[in-house]
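Trainee: Here's a structure for you.
The values are calculated or read from the model by the stated rules, or taken from the named source; none is laboratory data. Just so we're clear, the structure is a prediction, and the values are computed from it rather than from any experiment. Ideal geometry is used to build each Cβ from the backbone, glycine not excepted, and the neighbour counts take in all protein chains shown.
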Amino acid sequence: MDTIPKPYIHQLTSLFLGVIRRPENVLELVQFLNTSLAVEVVGIIIYGSRAKGIESEASDLDVLVTIAEGKSTGIWDDSAAVPLDIYVEPQHTVLDSPRANWSHLAGGQLLFDKSGKLAPFLSELHELLSESPPSISPEERGRLQVWSRRMLRRIKLAHEQYDQPLAQFYAAQVITQLIPLYFQLRGMWFRSPKEAFAYLRQNEPQLSHAMQLLSLSMQDTDLVNQSLQRVVEICFSEQP
């Protein structure tokens, strides 16, 4: 929704932050959204770190706005003090899709629920996430192990050819794939990067240390290769 002028974006951010502090003011926010987006808002969920009270100065304000009718769209802006990420979805699209597609909404704060359907939806989501995620078959696990070893060879080769950008790109792919996989292999849901790394610092210090070495030493090729090798080993290690 890049058609909304910047002053309105800033006002929208201010309204959202105000409603987080005082939920009883939500109707002013709903009216503003109805007018500025030319839609009928039927639900608002704030999710992510700000909804859970674990935000940092750099944290976005993550919002799902459900509408009665219309198409999926969004508002993404970083010009205000708090970056704004608003996803606008027809409510039937949210309610009719698999709950696992919306796992990132877990722990969200329901600000507005005109139809009364989002509260049960969040309860179902909470119940789903209290169970284990779908397991990975031995065949898929084997395929991912082969892929990981292949990526490690590609990273080493890129380092040997002094192609640091390519090596870093491959390393990022490995981490992006393996950290969520670490949790799924252990029967846990991957909630968010911030929560995942907080868990690893407390419960998997060796993996957390390897990740820290990666972030500090991307120019040290031997250390990068060793750290990534350790990440792969821990990810696929058998649990006691």
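Trainee: Restricting to segment 15-27, name every residue that is exposed (fewer than 12 other Cβ atoms within 10 Å of the Cβ) and either assigned to a helix (DSSP H, G or I) or touching a helix residue (DSSP H, G or I) at 6+ places or on another chain (Cβ under 6 Å) (or both).
Mentor: Answer for segment 15-27, where residues must be exposed (fewer than 12 other Cβ atoms within 10 Å of the Cβ) and either assigned to a helix (DSSP H, G or I) or touching a helix residue (DSSP H, G or I) at 6+ places or on another chain (Cβ under 6 Å) (or both): Arg21, Glu24, Leu27.
Trainee: Pull out all pairs, ordered by first then second residue, where Cβ-Cβ is under 7 Å, the residues are six or more apart or on different chains, the first lies in segment 153-175 and is of a type in the set (Gly, Ala, Ser), and the second is modelled with pLDDT under 90 and surrounded by fewer than 15 Cβ atoms within 10 Å (Cβ to Cβ).
Mentor: Correct list of pairs: empty, since none qualify.
Trainee: Collect the residues in segment 174-211 that are surrounded by 15 or more Cβ atoms within 10 Å (Cβ to Cβ) and more than 26 Å from Arg99 (Cα to Cα), keeping them in residue-number order.
Mentor: Those that are surrounded by 15 or more Cβ atoms within 10 Å (Cβ to Cβ) and more than 26 Å from Arg99 (Cα to Cα): Val174, Glu204, Leu207, Ser208, Ala210, Met211.
Trainee: For the condition part of a strand (DSSP E or B), under 17 Å from the mean Cα position of the chain (by Cα) and either surrounded by 14 or more Cβ atoms within 10 Å (Cβ to Cβ) or at pLDDT below 90 (or both), what is the one hit in Ile54, Ile45?
Mentor: Ile45
Trainee: Go through Arg143, Arg153, Arg191, Arg186 for me and flag whichever is within 30 Å of Lys52 (Cα to Cα), out of contact with any helix residue (DSSP H, G or I) (no Cβ under 8 Å at 6 or more places or on another chain) and in the same structural domain as Leu207 (by TED's automatic domain parsing).
Mentor: Only one candidate passes the filter, namely Arg186.
Trainee: Something else now. Going by the structure shown, is Ala106 small (Gly, Ala, Ser) and either in the same structural domain as Leu223 (by TED's automatic domain parsing) or at pLDDT 90 or above (or both)?
Mentor: It is false that Ala106 is small (Gly, Ala, Ser) and either in the same structural domain as Leu223 (by TED's automatic domain parsing) or at pLDDT 90 or above (or both).
Trainee: Quick check: anything in segment 75-86 touching a Gly at 6+ places or on another chain (Cβ under 8 Å), in the same structural domain as Val42 (by TED's automatic domain parsing), of a type outside the set (S, T, N, Q) and within 18 Å of Ile46 (Cβ to Cβ)?
Mentor: Looking for residues that are touching a Gly at 6+ places or on another chain (Cβ under 8 Å), in the same structural domain as Val42 (by TED's automatic domain parsing), of a type outside the set (S, T, N, Q) and within 18 Å of Ile46 (Cβ to Cβ), one finds at least one in segment 75-86, hence yes.
Trainee: Give the residue, chosen from Leu118, Leu129, Leu144, that is touching a residue at least 24 places away in the same chain (Cβ under 8 Å) and within 26 Å of Phe16 (Cα to Cα).
Mentor: When all the criteria are applied, what remains is Leu118.
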